[in-house]
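Read the structure below first, then the notes.
The values are calculated or read from the model by the stated rules, or taken from the named source; none is laboratory data. Owing to the predicted nature of the structure, the values given are computational and were not obtained by experimental measurement. Every residue, glycine as well, gets a Cβ built from its backbone with ideal geometry; the counts of neighbours run over all protein chains shown. Areas reflect the complete protein model, heavy atoms only, side chains present, ligands, DNA and RNA absent. Shrake-Rupley method; radii C 1.70, N 1.55, O 1.52, S 1.80 Å.
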Amino acid sequence: MKLKIVVLAKQVPDTRNVGKDAMTAEGTVNRAALPAIFNPEDLNALEQALRLKDQNPGSTVGILTMGPPRAGEIIRQGLYRGTDTGWLLTDRLFAGADTLATSYALATGIQKIGHVDIVIGGRQAIDGDTAQVGPQVAQKLGLNQVTYAEEIIKVEDGKATIRRHIDGGVETVETPLPVVITVNGSAAPCRPCNAKLVMKYKYATCPMERKGDEPWTNLYAERPYLTLNQWSVADVDGDAAQCGLSGSPTKVKAVKNIVFQAKESKSLTGSDVDVEGLITELLDEKIIG
């Protein structure tokens with residue numbers, strides 16, 4: 001069956017490079033001060049979406065993301081791998097959103113896209129680790145949801161069969177469409193970029209990304225597919241009071257980069273005496289046992 005699939009993806013700061021400038025005075029992430037990457041688990045979700053497209057001829061996959069204009073790179077990364085389109089929610093009113101405001105914005109974007117069969121995203125983003133956005137989007141749209149997915153086994157007769165990786169084991173569930181699915185990092189890694197698609201879409205941008213003096217500016221009139229979809233709060237008929245900082249009841253007070261250092265250390269040999277002594281010490285200190 002033909003499927004209309006939307007992948008929720010996020011451009012996130014690389015948390016391996018958190019420094020003193022990581023936060024703004026308002027308690028939000030200072031994205032301009034950190035290198036940006038494609039959220040890892042969203043890449044796992046993208047691969048599941050592309051596999052469904054391969055298995056179901058005539059299906060389409062689009063990426064929906066929210067962020068500043070530079071987040072258009074997430075849509076390009078999807079196009080390089082085989083997606084058909086993408087939508088960037090970008091507006092000053094979206095800035096500073098927590099999970100509640102983010103899920104509201106994404107839900108309005110999905111409603112504007114319309115008639116979606118499957119919404120799929122990563123379990124969580126590395127800049128928050130909340131795993132809340134996917135379920136909140138499902139709740140706001142009144143859709144079924146399956147979390148902790150490791151593989152979408154098949155979609156047929158209006159139902160999706162999904163393998164979940166949960167604490168204590170694995171389970172297989174079946175759910176009617178439409179459905180929101182969140183994918184674990186243990187799922188299959190995303191396929192690499194396709195060289196031909198990179199050449200086709202390397203100049204694809206959202207209007208707000210353009211400076212206007214690029215040597216290839218004339219290509220935007222000749223090749224409409226190089227203009228990516230860009231939506232503001234007004235474009236998705238959103239309520240500004242529920243977006244960005246004004247719609248976010250939670251605030252991040254601070255982010256700290258903590259490096260654990262051993263206060264003391266001892267060297268042991270592999271002798272029976274040393275091993276027995278270590279076990280005895282750990283038992284006495286109630287660390288094991």
Item checked: 15 Å cut-off, amide nitrogen to a point 7 angstrom out along HIS165 Cα→Cβ, residues in region 41-80 -> 41-48
Checklist line | Accessible surface of ASP157 - all protein chains present, 1.4 Å probe, nearest 10 Å² | finding: 140 Å²
Note to self: With viscosity set to 1.002 mPa s at 20 °C, what whole-number translational diffusion coefficient in µm²/s follows for region 104-254 from Stokes-Einstein and a Kirkwood radius over Cα pairs?
What the structure shows: 116 µm²/s
Margin query: Running a GNM on the chain with Cα contacts under 10 Å, which residue among GLU156, GLU73, GLU47 ends up with the highest mean-square fluctuation?
Written below: GLU156
Next item on the list: Name the residue farthest towards the positive end of the dipole of region 75-143 from the options THR108, THR130, ALA95, assuming +1 on Cβ of Lys and Arg, -1 on Cβ of Asp and Glu, about the Cα centre.
Entry: THR108
Note to self: How large is the translational diffusion coefficient of the chain in µm² per second when you combine the Kirkwood radius over alpha carbon pairs with Stokes-Einstein at 20 °C and 1.002 mPa s?
What the structure shows: 102 µm²/s
Next item on the list: Go ahead and set up a Gaussian network model of the chain, Cα springs under 10 Å, then flag whichever of SER232, SER271, SER186 fluctuates most.
Entry: SER271
Notebook entry, point to check: For region 56-153, rounded, prolate or oblate, judged on the Cα gyration tensor with a ≥ b ≥ c (square roots of eigenvalues), a/c < 1.5 rounded, else prolate if a/b > b/c?
Noted result: rounded
Checklist line | Estimated [θ] at 222 nm from DSSP helical runs (n ≥ 4, -39500 (n - 2.57)) normalised by residues in the chain, nearest 500 | finding: -7500 deg cm²/dmol
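Give me the percent of the accessible area of the chain that comes from carbon and sulfur atoms, probe 1.4 Å, all protein chains in place.
52 percent
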Margin query: Could you sort THR108, THR130 by their accessible area in this structure, using a 1.4 Å probe and putting the largest first?
Written below: THR130, THR108
Next item on the list: Can you spot the aspartates and glutamates whose alpha carbon is less than 18 Å from LYS2's alpha carbon? Ignore those fewer than 8 places along the same chain.
Entry: GLU47, ASP54, ASP84, ASP117, GLU156, ASP157
Notebook entry, point to check: Does region 143-193 come out rounded, prolate or oblate by the C-alpha gyration tensor, with a ≥ b ≥ c the root eigenvalues, rounded set by a/c under 1.5 and, if not, prolate when a/b is larger than b/c and oblate if not?
Noted result: oblate
Check: Build a GNM of the chain with springs between Cα atoms under 10 Å: which of LYS263, LYS53, LYS154 gets the top mean-square fluctuation?
Finding: LYS263
Checklist line | Violating pairs (Cα-Cα greater than 25 angstrom) within the set LYS140/LYS251; LYS10/LYS53; LYS4/LYS154; LYS154/LYS202; LYS10/LYS200 | finding: LYS154/LYS202
